[in-house]
Every structure is written in structure tokens, then in C-alpha cells.
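Enquirer: This is the structure I want to talk about, given as C-alpha cells.
Nothing in this text is a laboratory measurement; each read-out follows from the coordinates by a stated rule. Since the model is a prediction, treat every value here as computed from it, not as a measurement. No Cβ is skipped: glycine too gets one built from the backbone with ideal geometry, and neighbour counts run over all protein chains shown.
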Amino acid sequence: MNPSAKQASDKAAEGRVTKVRATKRRAPAATAPKTAKKPKARTKPPAAARRGTKTAKILAMLRRPTGASLPEIRKAAGWQAHSVRGFLSGAVKKKMGLHIDSVARDDGERVYRLASK
């Protein structure tokens, strides 16, 4: 062991010497700007609902010329009002890609129906 190494080890044992970083600090890497996500393109038409399901029942009600009111849909599905509205916006509009017309009747009740293309 050379004398300078012995001195360094003695000082390190006393707690007076700290390790020296051997590498230089690097400049922070340039980050690419974040971009908004693009919606996925639909390659095939949305699948039809299976017969006898709640989705099929609600779609049949929405296809009627008179449409379906919120209480009618709630009764048919057994859901809460917020669940019906979530289903219409999430499953029907977004996932199936169908357009829904929402019209307020004279009595103040809102009626939903599938929009004609």
C-alpha cells in the first residue's frame, strides 16, 4: 500500500473524508413536447347488442319513433338515473358510435331517441 492511500484510509476511518464523484454531471436530456392522444380509428362497425340483454332492450326503445324517456329506460333496465345517462353517453355514443337526440317534451320530461343519419 502506498503512503497516500494509507493516509486516505486513515482519514476515512476517522470520518473526515467523503467520497469524490468520479463522473461528471450530465446536462439534462431534452424531452420531447407532449402531444395530445389521437383517438383510435374505427376499422369495423360497432357490434350489435346480443338479443335479450339490457342493451338490446334499451336500443329497441331508443329506435321507436317516440323515443324513450328516462323513467321508461330506468324501469326497463332497473338502473338509477345516473347509470342510464352514463350508459347513453359511454356505451351508446362512444363505444357504439351512435348519435342520440335528446328533446324536452312539453311536460318537461326529456326523451331520448336514436338520431337518423
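Enquirer: Between Ala76 and Lys37, what FRET efficiency follows from the Cβ-Cβ distance if R0 is 41 Å, with the result rounded to 0.05?
Expert: Working from the Cβ atoms, E equals 0.70.
Enquirer: Tell me which residues come under 5 Å, amide H to amide H, from Arg110 once H is placed; ignore anything under 5 positions away on its chain.
Expert: Sorted by chain and number, the residues that satisfy this are Leu70, Arg105.
Enquirer: Taking 0.36 nm per intervening residue step and subtracting the Cα-Cα distance, what contour gain separates Arg85 from Arg25 on full extension?
Expert: My answer for the length gained is 16.1 nm.
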